[in-house]
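Okay, structure first, notes after.
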Amino acid sequence: MAKDALTIFSYTEDPGDNPSRPSDADTFVAPINPERFSHRRTVRFNEEENASDKGDTAQNQGYGEDTVTFDLVFDGTGAIPEVEDDVVTYIEKLEKVAYDYESEIHMPRYLVMVWGEFGFKCKLQSLSVEYQLFKPDGTPLRAKASLTLRGHLSPKARELKGDSRSPDLTRIRTIRQGDALPLLCQEFYGSPLYYLQVAEANSLSSFRDLEVGSQLIFPPLER
């Protein structure tokens, strides 16, 4: 593996915050590094609270998942001596590592992308392959794969980053038709079991007593 080659490692379980290096069969090494990549970060807000005569009162809902996008070029024309395999072989290996359904975890694998000093724990969000040059028999000689990787954090890392479901944050929610307190607790805390504490904090006579249009406070709670 070239020292500076973009590499994608794959795992059948969450690799945690200190992933080990998997086998070569679970690793994809880009034959040609991308010319560029983009790293997008987002912050979530409660948009319902944005519209107000008193100005912007949007409630911070924590961080969204980061995404990384880049293109990989596969060239089987022989113009690049370092390229060892044909286009089809590279694409099949990329799909096996990043895209194929893993029956053990009922989804594609967990991934870690590494390029130079940049490391990114993630899952594949999308993969699009454009074939650009062919032999007379239709065998592809050049292709471009466009990837979007969606960040994946362990539960502990998500909490430290300020995930909106952390019980250590205070949120305000306007009640809508069909809302149920246990489901709202699942949304904000990651568990429906906090509904009695939230009902008590809001002086509700019953956790079913939710008035449409009223506002509930979801305070920091002890685990």
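The values are calculated or read from the model by the stated rules, or taken from the named source; none is laboratory data. Everything numeric in this text was worked out from a predicted model, so none of it was measured. Please note: Cβ atoms are built from the backbone with ideal geometry, for glycine as well, and neighbour counts cover all protein chains shown.
Annotations
- Unique match (being β-branched (Val, Ile, Thr), under 22 Å from Pro19 (Cβ atoms) and modelled with pLDDT under 95) among Val97, Val112: Val112
- Test: residue in region 124-131 that is without any contact (Cβ under 8 Å) to a residue 40 or more places away in the chain, acidic (Asp, Glu) and in contact with a strand residue (DSSP E or B) (Cβ under 7 Å, 6 or more places away or on another chain): yes
- Glu187 being closer than 25 Å to Gly64 by Cα, acidic (Asp, Glu) and modelled with pLDDT of 80 or more: yes
- In region 76-104, the residues that are in contact (Cβ under 8 Å) with a residue 60 or more places away in the chain reach residues that are among the charged types (D, E, K, R) and part of a helix (DSSP H, G or I) with C-beta atoms within less than 8 angstrom, at least six apart or across chains, in these pairs: Val97/Asp26.
- Residue selected from region 79-93 under the condition assigned to a loop (DSSP other than H, G, I, E, B), out of contact with any strand residue (DSSP E or B) (no Cβ under 9 Å at 6 or more places or on another chain) and of a type outside the set (A, V, I, L, M), by the criterion surrounded by the fewest Cβ atoms within 10 Å (Cβ to Cβ): Pro81
- The set of residues from region 168-217 being in contact with a Pro (Cβ under 6 Å, 6 or more places away or on another chain), of a type outside the set (Ser, Thr, Tyr) and in a loop (DSSP other than H, G, I, E, B) comprises just one member, Asp168.
- Residue in region 94-102 that is surrounded by fewer than 16 Cβ atoms within 10 Å (Cβ to Cβ), more than 20 Å from the chain's Cα centre (by Cα) and not basic (Lys, Arg) present: no
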